[in-house]
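Notes for the one structure printed next.
The values are calculated or read from the model by the stated rules, or taken from the named source; none is laboratory data. The shown structure was predicted, so the numbers you read here are calculated from the model rather than taken from an experiment. Cβ sites come from the backbone with ideal geometry, for glycine too, and all protein chains shown count toward neighbours.
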């Protein structure tokens, strides 16, 4: 599995900067349409590009900081994925879009929050040179990679081993798949779908990842909570 191979590579003495660099390079290979990638992190009152696949990604990050808007900055504050398939027609970030189109070959952008120690401190940022290349398939793959980034960085900071990383990655992938299924089948938001998982987790007294695994296995069906037996 590509993600397991990446996990092994990251844990051959990798620090957090090397982890971010490896994730950026992986994004250009694993996410359809992704030509450039970066990781932007909050440092005190500023934002810093800690890793990037190339100078184009770094420049787009610079433009976001300069204009004060964009999918990467919004991703840090908002849990929802920030996706703009065609910056030439962007209504969400008009100042950024105008400069990106003028100064770079980038035409599509996505941003996904990275959590470290349960704090929203960074974002995985993906860029495409082709408009409308970032579709549902690309977004879903990117969500998994962003989950990996959060797990990998937390593991690197706490000096956990690769087996812990694999388990965390697997849990994140299963939760992501389950949330996607529940959103599609129940016409609910990401937050509402996760709340459904968490509620069943609490009622059944099992981990959210176990509930997610059951949902994926049953193709979108939440496990039922067995009623308590009544005794006379």
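Values as computed for the structure displayed
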item	result
Exclusive hit being in contact with a strand residue (DSSP E or B) (Cβ under 7 Å, 6 or more places away or on another chain) and outside the structural domain of residue 194 (by TED's automatic domain parsing), set 115, 102, 96, 87	87
Evaluation of residue 80 against (1) under 20 Å from residue 129 (Cβ atoms); (2) in contact (Cβ under 8 Å) with a residue 40 or more places away in the chain (one fails), failing number	(1)
Residues (exposed (fewer than 15 other Cβ atoms within 10 Å of the Cβ) and farther than 24 Å from residue 114 by Cα) located in the range 200-217	202, 203, 205, 206, 217
For residue 134: the one exception among (1) in a strand (DSSP E or B); (2) crowded, with 23+ Cβ neighbours inside 10 Å; (3) over 10 Å from the mean Cα position of the chain (by Cα)	(1)
Filter result for residue 87 (modelled with pLDDT under 90 and buried (at least 16 other Cβ atoms within 10 Å of the Cβ))	no
Which listed residue, of 39, 50, is surrounded by fewer than 24 Cβ atoms within 10 Å (Cβ to Cβ) and assigned to a strand (DSSP E or B)	50
